[in-house]
Structure formats: structure tokens, C-alpha cells
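Here is the structure we will look at, set down as C-alpha cells.
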Amino acid sequence: MLTKLGERFTIIFQKYMPDAFVFALILTLITGLSAYIWSGKNIMEIIVAWYDGFWSLLEFGMQIVLIIITGFAIALSPVINRGIDILTSYIKSPRQVYFFVTLIGALLSLVSFGWIVITCVLARELALRIKGINYPFLIACVYFSGGSWVSGLSSSIPLLLGTENNYLIEAGVLTETISTTTTLGSPLNVAMLALYVAFAPLLIVFLIPKEKKLTQLEDMLEVKSSQKEKSIKEEASSLNLSFSSLSDRLNNNFILQFSIVLIGLIYIVYHFQTNGFELNFNIMIFIFIMVGLALHKTPMRYVIAMKRSSTNISGVLYQYPFYAGIMGIMIHTGLGEELANLLASTATIDNYPFFAYVTGGFVNFAIPSAGGEFAVVGPSIINAVSEIGTGLQPEELNKMISRASLSVAYGESLTNLLQPFFLLLVFPIMGKGIKIQARDVMGYLVLPFLLFFLIQSILITYIPL
């Protein structure tokens, strides 16, 4: 019954879900119209807000691009290929692929959601080597597994609450920081973590589509050649001149490259000694670059690896500004704050976590960034919770604020399954050389969304913090 229902959702999405860029354009118009009706802004004010926000994700977009191509470059190294060879000797059936890709993806994303690129590479290689894999469903497995990041080390809202002199404290919304022990280390968050690591892979096995005609990666590849692609090492050698030259010696000099790696390693050690185990985008990208340089050994091999890794990133480059524009409308017109206030005004001591959860999920469609979204709705949610908890001891009130904040984070993360913003992180790797759109994948994610929505609603309401 579940697989048949999943197939129906897939057909519906293929029929009605437009390309991710079209989705962003439609959402832009809906958000602008909502701001006009609800916030009382005139058309010119909304257009200016859209333009002002248009460029706000440039740094984030560049970080995403670098995460994709530097992570992919690592995966193209001989060491990683040998590791995948060993793994495929143990994983032999499509069912095992779906299960282990979801499990490994959930574990990797606990470190950082940027590590989903590693899951993408693993899944693609397994799809090339093992017959009978429904490739769009496998992409859905990878994307679904990435949701565990919200309970992990890079979860932005808990990290914000634990940061000294954060903007909530400076604005007087909070009086003190809330330790990550109270948020990430809480029984509630541990339960969410278990939901992704233990339950999600089992759920995926039950949702495997039983389609008569499989859409395999091998059949989807647009360029099929009987001639094996040159290895990176072979291509680097083919670029050498027919005579000895200083330029070739520099291009293929491993001492030069390892000198840079050594300098980079010194800084990485310094970073973690100084800041503790703080993983942000910049240090992750830096680590990926240094690891890639070490694994590829020479400058020319790394250049080739990066070139091969960056052939499919156009979606991120031109679509992220439009999502940033939507964020601009939500933030600069006050629409996001109005929505948060409306939902918070109906919350009570019994249901405030659920209302925070729904707020996080709903606003995520227009502001698909946990940190950006919380900057908009967080103050309203926290103020509402503070009013509800009037008279409680500071420790109890902090627990309520932590539960509400975590609920926003869980809702924000879950509704990513219904919108393609972060799917753009997956497609550059898993969609390389094939024709595939968001509509081919999103239908498989509806049932996981519905089941997780039900389970998470119960957990945030009843699990003690």
C-alpha cells in the first residue's frame, strides 16, 4: 500500500511540479502578493525589498558551490575510488544500497549538512556499479538522509543560542546564552537524531517503489561511450610537452603541493585548538581543499579534478539570488514577522512547541535558510514563549525557549522535502550527465514527509527537554 501510494505521489509531482527555477519564480510572486495584502506595503516598497534581498545569499551561494566541487574533487581521487570498490564488495543489492546510503548519509550529515556531497558521490558510484537501482528514488534517499543535520554539530539555531553576545541578546530578546547541552544534548534532540539514523533507513526500505520499468543511471546517461574515460593521472600526463620543460615540472611537482597542504594543516590544527570543534562553512571548505590537494598529489591533477567537479553547478549560481529575493521580501516588508506574530498569538502552554514547529516549516518555503529564517521569526516566537512562561524560574523558561527554538529548526528542516532549494546541492553531482528535474524526485519524498511530520509533532510535544 505504501509503495503504491508513493508511486501516485510521484506521478502527481511529475505532472504538476515545475522546474526548481520556475518554482522560485512562482514563489516570488506569491510572496510579493502576500506582502502587499498583509503587510500594507506598496508595490514599489516590495520591489525594493526584493532587490535588496537579491544579493544577500551571494556569500552563501559561493560557499555552496565550493562545498560541492571541493567535496566532489576529493571523491574523484584514487583513494576514495578504492574505498568505494571495497564498499561495493559488501553492498550488492538495490535494497542494501537504499538502506546504507540513507544510513551513511544521515551519519555524515550529523557532522555538517555540507557533507551530503560525500553521500552523493557514494550513491552515484553505487548506482553505476550495481544493477536494478531506481536512480530518482536513490536521489530522494540521499536528499532525505541530509535532514539529520538539524540534530547535528552544524545545526545553526542551537549554535546561535549558545553564541556569546548573539543578536537576540543584543536586542534584549534573550538575557543569556542557552548551552548546546540544553539543546543539542537534550533527550528531545537525541530522539530526533535516532529518528533519522535508526528509523529513516528502515522506512526507506518499506517505501522502495515496485516499478516495472526501472530508471537506472546507466540508461539515463546522455553520453554513452565504450571507451573508458582517462583517469585524472593519465589526463595530467597527456598534457605534458614532448620535451622536458620547467612548466611541466612545476605542474607535476608534488613537493610544491604538499608544502601548501602542510601550511593548511597547521592552520586547521590552530583553528580547532582556538575555537574548539567549531565547524562552519569556511573551515569545511578549507579542509576539503587541503584534503583534495593531498589526495591528488600534484597541482595539475587537482586542476583536472576541480574542472571535472564543476561542470554542473549552474543551478546554484542563477537560482540562489531569486530565493534570496524572496527572503528580502519576507524580511524587509515585515511579512515574516507578521506571520510569526499571528501563529505565536494562538500558542498556549500546551501547544506552543507545535505552533513553533509549524511556523518553522511554513516560513521555510520563503526563507530556506535556518539561520535567516530564525532571524525573522525567532524573536516573535521567543517573546510569545516568554509571555506564556511568565512567573516560571529562569531555568524552566530557558527550557521552554529551547524547545520552541528546536521545534522551529525541525519544522524548517522537514519542509525541505517539499521544496527544491537544497536539492540544488545534490543535483550537480548526482545529476551530472543526465536529464533530471526536481519533479522526478520530489514525489518520493511526500510519504517520508507525512510520516516524519506526525512523529516529530508527537516528539516535540511530549518528549521532555
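Above 45 Å lies some portion of the pair distances; for the chain, what is it as a whole percent of all C-alpha pairs?
Percent of Cα pairs beyond 45 Å in the chain: 14.
Quick one: grab Rg to one decimal and Dmax as a whole number for the stretch 1-73, Cα atoms only, in Å.
18.3, 51
Counting chymotrypsin sites (Phe, Trp or Tyr not before Pro) as exposed when in a DSSP loop with at most 11 other beta carbons within 10 Å, what is the longest stretch of the chain free of them?
No qualifying site falls inside 278-465, the longest such stretch.
Evaluate E = 1/(1 + (r/R0)^6) for Ser314 and Leu451, where r is the Cβ-Cβ distance and R0 equals 45 Å; express this FRET efficiency to the nearest 0.05.
Once rounded, the FRET efficiency stands at 0.85.
How big is the charge dipole of the chain about its Cα centre, in debye rounded to the nearest 20, if each Lys and Arg gets +1 on its Cβ and each Asp and Glu gets -1 on its Cβ?
In debye, rounded to 20, the chain gives about 2180.
Place +1 on the Cβ of every Lys and Arg and -1 on the Cβ of every Asp and Glu in the chain, take the dipole about the Cα centre, and give the residue among Phe422, Ala171, Asn364 whose Cα lies farthest towards its positive end.
It is Phe422, whose Cα lies furthest towards the positive end.
Tell me which of Asn280, Pro353, Pro18 sits at the most positive position along the dipole axis of the chain, charges placed on C-beta atoms (Lys, Arg +1; Asp, Glu -1).
Pro18
Run the quick spin-label model on Val303 and Met44: label points 7 Å from Cα toward the beta carbon, then report their separation in nm to one decimal.
5.2
For the stretch 23-104, with only Lys/Arg (+1) and Asp/Glu (-1) charged at the beta-carbon, what is the dipole magnitude about the Cα centre, in debye rounded to 20?
It comes to approximately 440 debye.
Give the Rg/Rh ratio for the stretch 129-209, taking Rg as the radius of gyration of the Cα atoms and Rh as the Kirkwood radius, to two decimals.
With Rh from the inverse mean 1/r over Cα pairs, Rg/Rh is 1.19.
Just the number: Rg to Rh for the stretch 98-243, Cα atoms, Kirkwood Rh, two decimals.
Rg/Rh for the stretch 98-243 comes to 1.17.
Could you list log10 I(q)/I(0) for the stretch 271-390 at q = 0.12, 0.19, 0.20 Å⁻¹, which the Debye formula gives when each Cα is one point scatterer?
Listed by q, the Debye log ratios stand at -0.69, -1.00, -1.04.
Suppose the chain between Asp219 and Gln96 were pulled fully straight at 0.36 nm per residue; how much longer would it get relative to their current alpha carbon spacing?
Value of the extension gain: 42.2 nm.
In the stretch 4-85, carbon and sulfur make up what percent of the accessible area (probe 1.4 Å)?
Heavy-atom surface of the stretch 4-85 belonging to carbon and sulfur, 1.4 Å probe: 71 percent.
Would you be so kind as to identify which of Val316, Pro299, Phe206 lies farthest towards the positive end of the dipole of the stretch 205-340, taking Lys and Arg as +1 and Asp and Glu as -1 on Cβ and the Cα centre as origin?
Pro299
Along the Cα→Cβ direction, 7 angstrom out, place labels at Thr348 and Asn275. What is the inter-label distance in nm?
4.5
Below 8 Å between Cα atoms, with a sequence gap of 6+, how large is the relative contact order for the chain in percent?
Normalised by residue count, the contact order of the chain is 30 percent.
Note the full-extension length gain between Leu25 and Ile37 as 0.36 nm times their separation in residues minus their Cα-Cα distance, in nm to one decimal.
Fully extending the segment from Leu25 to Ile37 adds 2.4 nm.
Given Cβ point charges of +1 (Lys, Arg) and -1 (Asp, Glu) and nothing else, what value in debye, to the nearest 20, does the dipole of the stretch 351-465 about its Cα centre take?
440
Rg and Dmax of the stretch 50-109 over Cα atoms: what are they, in angstrom?
Answer for the stretch 50-109, Rg first and Dmax second: 17.1, 52 Å.
Within the stretch 54-89, what residues put their amide N at less than 13 Å from the label point 7 Å along the Cα-to-Cβ vector of Asn282?
Under cut-off, by backbone N: 59-60, 63.
The values are calculated or read from the model by the stated rules, or taken from the named source; none is laboratory data. Just so it is clear, the structure is predicted and the values come from calculations on it, not from any experiment. FYI the Cβ positions are ideal-geometry reconstructions off the backbone, even for glycines, and counts take in every protein chain you see. Only protein heavy atoms, including side chains, enter the accessible area calculation; ligands, DNA and RNA are left aside. Shrake-Rupley method; radii C 1.70, N 1.55, O 1.52, S 1.80 Å.
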